[in-house]
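> So that we are looking at the same thing, I have put the structure below in C-alpha cells.
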Amino acid sequence: MLRLAARRTFASAPARRLPLAAARKFHSVPPPRQDKPGSHSRTDAEVEFEYPPEHELPSSEPVSGTGGQYVKPTLAGFSLDGNVGVVTGGARGLGLVIGQGMVFSGADLALVDMNSEIPRASSGSLTADTRSSVPKVTAHYADVSDADSVEACIAEIIQQHGKIDNLVTSAGFTENFEATNYPIDRVRKLWGVNVDGTYLFATSVARHLMERKSPGSMVMIGSMSGAIVNVPQPQAPYNASKAAVRHLAASLAVEWAHAGIRVNCISPGYMLTALTEKILDEKPDLKKKWVSLIPQGKMGLPQDLMGPVAFLLSDASRYVTGADIRVDGGYTLT
Ligand SMILES: NC(=O)c1ccc[n+]([C@@H]2O[C@H](COP(=O)([O-])OP(=O)(O)OC[C@H]3O[C@@H](n4cnc5c(N)ncnc54)[C@H](O)[C@@H]3O)[C@@H](O)[C@H]2O)c1
C-alpha cells in the first residue's frame, strides 16, 4: 500500500462521529417504526445502515480480466492518450476501477481520497503491461468537502502532472436511516461530501481549464437514486444528494459549454464493490430483493463503468454534454 503523508482521515477524527443512539437522544426522536411495510413499494425502517468508520471498511484492489488495453483497431476518438485525469474517491470501490479504465485508455492519472492508504497506485498494477508508454499514476490526499483541502490538492496535482484534462467525482457515501431518525449532523456530512465535494472539485478544475484556455471533460458519479426512490431501504438525504449531482452536471454543462468544458453524469444502479458485498453478505434477503428488481437479474460490477466513463471523457462523446447515462441493468426502466 502506498502511504500518503499523515493527514486527517475518517478514522483519525472520531470526535466528529456522534453514535447513532446518542444522536437520537440528542434529537429526541423516537426509535424506528416497528410496523412492517405492506408491499415492496414502501421503505422499511428496519433496514438501517450507518456508513462505517474507515478502519472497518474493506480495502479493494484493481480488477483483472477486463482485457486491459485494446490493441486491435478501434475509433481513435475513444482514446484518452495524452490526457491527465483525476478521480476523487479513487482509493477504493468504483473510483479505483474507473481510474484503472482511464489508464487502460491512455491517460495519466491522479487518484484523490481522504483515505490515508491509497492502494498501490503504480503503473504496474493498473496497466496489465499493455501500454507502450508507462503511465504516470499519483496519489493525493483531499477531503472533498473542504474547499482549502480541494484547492491544495488540485495545486499539488498540477505541480506533479503539469495540467488536468479530465475529472471524475466518485467520492461519496450512502447511509440508510428513516428521515425522522437521521441526525442532522450526519445528513450535513453526507451532503457535504456528495454535493459540496462534487461542486468544489468541478469548479476548481474548471478554473484551471479556463486559465489554460483548454477544453476538458468531467463525469460526475451520481446514482439511479437521483432519479428514483429505492426500496426497501430508507435513504432520503442520499437520494436528494444524487438528484443534486445529476442536475449540477446539467447546469454546469450549460454554464461552461462556451469554454469547451463538457460535464456529464453517470448514474450507477446497484454495483458489487467490496463494501456492498460486505453489507449484503450480512443481509442476504436485501440482496435477493434488490436483484429481483433488476431487469438484467444481477448487480453491476465496477468494471461495467469503465467503458461509459472512457466514452464520456474522450472525444468520442464531444457533442454530448449535460447527459445522464444510467448504468443500472435496466432498474430505472420498470
Ligand atoms: N456501489 C454502488 O452500488 C453505488 C451505486 C450508485 C452510486 N454509487 C456512488 O459511487 C460513488 C463511489 O461509491 P463506492 O461504492 O465506490 O463507495 P466506496 O465507499 O467503496 O468508495 C468511496 C470512496 O470515497 C472516499 N471518500 C469518502 N468521503 C470522502 C471525502 N470527504 N473526501 C475524499 N474522499 C472521500 C472514501 O474514502 C472511499 O475511498 C459514490 O458517490 C456512491 O454514491 C455507488
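The values are calculated or read from the model by the stated rules, or taken from the named source; none is laboratory data. Since we're looking at a predicted model, the values are computed, not measured. In this analysis, Cβ positions are derived from the backbone assuming ideal geometry, glycine residues included, and neighbour counts consider all displayed protein chains.
> Could you tell me which residue of segment 230-249 is nearest to Arg42 (Cα to Cα), considering only residues that are surrounded by fewer than 19 Cβ atoms within 10 Å (Cβ to Cβ) and away from the ligand (no atom under 14 Å from the Cβ)?
Val231
> Being crowded, with 20+ Cβ neighbours inside 10 Å and within 13 Å of the ligand (Cβ to nearest atom) is the filter here; which residues of segment 250-274 pass it?
The answer is Cys265, Ile266, Ser267, Pro268, Gly269, Tyr270, Met271, Thr273.
> Here is a further query. Report yes if Gly216 is closer than 21 Å to Ile266 by Cβ, within 16 Å of the ligand (Cβ to nearest atom), modelled with pLDDT of 95 or more and surrounded by 22 or more Cβ atoms within 10 Å (Cβ to Cβ), otherwise no.
no
> Filter segment 112-137 down to residues that are in contact with a Leu (Cβ under 7 Å, 6 or more places away or on another chain), more than 9 Å from the ligand (Cβ to nearest atom) and not charged (D, E, K, R) and give me whichever is modelled with the lowest pLDDT. I'd like the intermediate steps shown before the answer.
Initially, segment 112-137 is screened for residues in contact with a Leu (Cβ under 7 Å, 6 or more places away or on another chain), giving 116, 118-121, 135, 137.
Still in the list and also more than 9 Å from the ligand (Cβ to nearest atom): 116, 119-121, 135, 137.
From what's left, not charged (D, E, K, R): 116, 119, 121, 135, 137.
Working: Ser116: 66, Pro119: 62, Ala121: 54, Pro135: 93, Val137: 96.
Looking at residues that are in contact with a Leu (Cβ under 7 Å, 6 or more places away or on another chain), more than 9 Å from the ligand (Cβ to nearest atom) and not charged (D, E, K, R), I get Ala121.
> Okay, next question. Conditions: (1) farther than 27 Å from Thr332 by Cα; (2) modelled with pLDDT of 95 or more; (3) out of contact with any Cys (no Cβ under 6 Å at 6 or more places or on another chain). His140 meets all but one. Number of the miss?
The single condition His140 does not satisfy is (3).
Residues checked against (1) within 25 Å of Thr334 (Cβ to Cβ); (2) not acidic (Asp, Glu):
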residue	(1), (2)
Asn239	yes, yes
His247	yes, yes
Leu252	no, yes
Ala257	no, yes
Asp281	no, no
Gly297	yes, yes
Pro302	yes, yes
